[in-house]
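Here is the structure we will look at, set down as structure tokens.
The values are calculated or read from the model by the stated rules, or taken from the named source; none is laboratory data. Everything quoted here is computed from the prediction, not taken from an experiment. For neighbour counting, all protein chains shown are included, and Cβ atoms are generated from backbone atoms with ideal geometry for every residue, glycine included. For the accessible areas, the whole protein counts, side chains as well, though only heavy atoms, and no ligand, DNA or RNA atoms are used. Shrake-Rupley method; radii C 1.70, N 1.55, O 1.52, S 1.80 Å.
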Amino acid sequence: MMPSDKGQPEYETTDLNLTSFLRCRKYPIVRFRREGEARVMFVFQDSLELRAAIVDYVNDGPVSARSFSNTLRDLKALFR
């Protein structure tokens, strides 16, 4: 957990699948930045609800397969 410029805690990940899952759960990406040629750091506003969604991801929580696939495709297209 990292504080933002505004003092709000943030959660950072380079995991594209987790990012797609969180987007399907309606958590907005606050910002992103390149970490070298092949990696992108995605930043979310941290909260207890976000942490619970991450646990859901690890435990195969449900999201729409089509939504997950489309979101993953869209995220990949941003960085080609």
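Would you be able to say whether some residue in region 40-48 is of a type in the set (Asp, Glu) and open to solvent by 50 Å² or more (accessible area, probe 1.4 Å)? Within region 40-48, not a single residue is of a type in the set (Asp, Glu) and open to solvent by 50 Å² or more (accessible area, probe 1.4 Å). Residues being among the aliphatic types (A, V, I, L, M), assigned to a helix (DSSP H, G or I) and touching a Lys or Arg at 6+ places or on another chain (Cβ under 8 Å) are entirely absent from region 22-43.
Among all residues of region 20-39, there is at least one that is in contact with a Ser or Thr (Cβ under 7 Å, 6 or more places away or on another chain) and of a type in the set (Ser, Thr, Tyr). With the condition kept exactly as written, say whether any residue in region 63-77 is on the phi < 0 side of the Ramachandran plot, out of contact with any strand residue (DSSP E or B) (no Cβ under 8 Å at 6 or more places or on another chain) and assigned to a loop (DSSP other than H, G, I, E, B). Yes, region 63-77 has at least one match.
Here is a yes/no grid of residues against (1) surrounded by 11 or more Cβ atoms within 10 Å (Cβ to Cβ); (2) within 19 Å of Ala77 (Cβ to Cβ):
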site: Glu10; (1), (2): yes, no
site: Leu18; (1), (2): yes, yes
site: Ala38; (1), (2): no, yes
site: Leu50; (1), (2): yes, no
site: Asp56; (1), (2): yes, no
site: Pro62; (1), (2): no, no
site: Arg66; (1), (2): no, yes
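Close contacts from region 38-59, counting a first residue that is farther than 11 Å from Thr19 by Cβ and a second that is of a type in the set (D, E, K, R), with Cβ to Cβ under 7 Å and a gap of 6+ residues or different chains, come to Gln45/Glu10; Asp46/Glu10; Ala53/Arg25.
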